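First comes the structure, then the notes that go with it.
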């Protein structure tokens, strides 16, 4: 029966989570396409064989497909769902007016950007609802992961420990941990932690690692504790206006985007380990852990966080992703001429190679993480 329980806790939340985020993303493309006068031939959640669907009055086929690992919005005249190639031989002169590839680059640009934008709007709306109806949120000072080889591991800190104080300063949020670690000037740092029913005192030296300084992109050594946060959040109930909730939600969304970009930049520069890159398996693992250990609110907030990441990643200038299309259409706007179809074909082939390489790398990290989780 364990396999059945794990299926419920890991597979079902993952499918629901990804399905909602993909629907939001593709709905952004769909709505902007309809607004721009482009006909959408297919709207699919998932890939592969159609499991269920219907065709609406405008001719769009809405369907659920067998492989729930994404989705697509296929426009009239496209040979594939990524709009990487087109064929208009079978279209009438009237239909060609509504084909995506016959639109000006400004319309194409708006349609492409609308997908990631929808993910951002979704995240802001979720945070606004949480802040307005429930209260402000913060990550608790609970250790979600101990980084191998770091100071925390050598000092005896375990996953699930709650940090109560650092050098006598009371800690109430995970963000305060970094602040106090940065302020530490002693040879050793002193922590008071709660582990189950016990309160423990630990004292150990920090480990210094190179970090990139944003101002000049130089690298400097900084003391680090070596822990990561849990996925669940603490909610501080307080009354707030709808506008204040929306403003805080927009600020939180921007903060998450900034932190994510900073992390990606550190991976590219080599100052952050690339084993933090995760893929589909990691998302399934995290969504399952949250569904087992936390409530619907943590799951909703995790969905908003993932929506931001999905929108941001899709804006990266990699061919086949929305960001790659954005670059192409911007070039066409600036040069006032369409890029040669043969050149586009080579660009998209390169993009496919990059995406496959990233997926393989992320999957390798996912399996390595699972191996350490199960056998360490």
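Restricting attention to the stretch 203-226, does a residue exist that is assigned by TED's automatic domain parsing to the domain that holds residue 151, farther than 30 Å from residue 15 by Cβ, at pLDDT 80 or above and exposed (fewer than 15 other Cβ atoms within 10 Å of the Cβ)? Yes, there is a match, as at least one residue in the stretch 203-226 is assigned by TED's automatic domain parsing to the domain that holds residue 151, farther than 30 Å from residue 15 by Cβ, at pLDDT 80 or above and exposed (fewer than 15 other Cβ atoms within 10 Å of the Cβ).
Of all residues in the stretch 44-70, those that are modelled with pLDDT of 90 or more and either assigned to a helix (DSSP H, G or I) or within 24 Å of residue 305 (Cα to Cα) (or both) total 2. For the stretch 307-314, state whether one or more residues are surrounded by 13 or more Cβ atoms within 10 Å (Cβ to Cβ), at pLDDT below 80 and under 30 Å from residue 251 (Cβ atoms). Checking the stretch 307-314: not a single residue is surrounded by 13 or more Cβ atoms within 10 Å (Cβ to Cβ), at pLDDT below 80 and under 30 Å from residue 251 (Cβ atoms). Among the residues of the stretch 172-209, those that are assigned to a loop (DSSP other than H, G, I, E, B) and over 28 Å from the mean Cα position of the chain (by Cα) comprise 184, 185, 186, 187, 188, 196, 197, 205, 206. What about residue 114, is it assigned by TED's automatic domain parsing to the domain that holds residue 77 and closer than 30 Å to residue 324 by Cβ? Answer is yes for this residue. Taken over the stretch 71-102, the criterion of being modelled with pLDDT of 80 or more and assigned to a strand (DSSP E or B) is satisfied by 71, 72, 73, 74, 75. When only residues in the stretch 110-134 that are touching a strand residue (DSSP E or B) at 6+ places or on another chain (Cβ under 9 Å) and under 16 Å from residue 299 (Cα atoms) count, which is surrounded by the most Cβ atoms within 10 Å (Cβ to Cβ)? Filtering first and then ranking leaves 127. Residues in the stretch 149-162 that are under 29 Å from residue 301 (Cα atoms) and touching a residue at least 60 places away in the same chain (Cβ under 8 Å): 4 in all.
If you check residue 366 against the conditions, is it surrounded by 13 or more Cβ atoms within 10 Å (Cβ to Cβ), at pLDDT 85 or above, at negative phi and within 19 Å of the chain's Cα centre (by Cα)? Taking the combined requirement at face value, the residue does not satisfy it.
The values are calculated or read from the model by the stated rules, or taken from the named source; none is laboratory data. Note that the structure is predicted; figures quoted are calculated from it, not measured. Glycine gets a Cβ as well: all are built from the backbone with ideal geometry, and neighbour counts include every protein chain shown.
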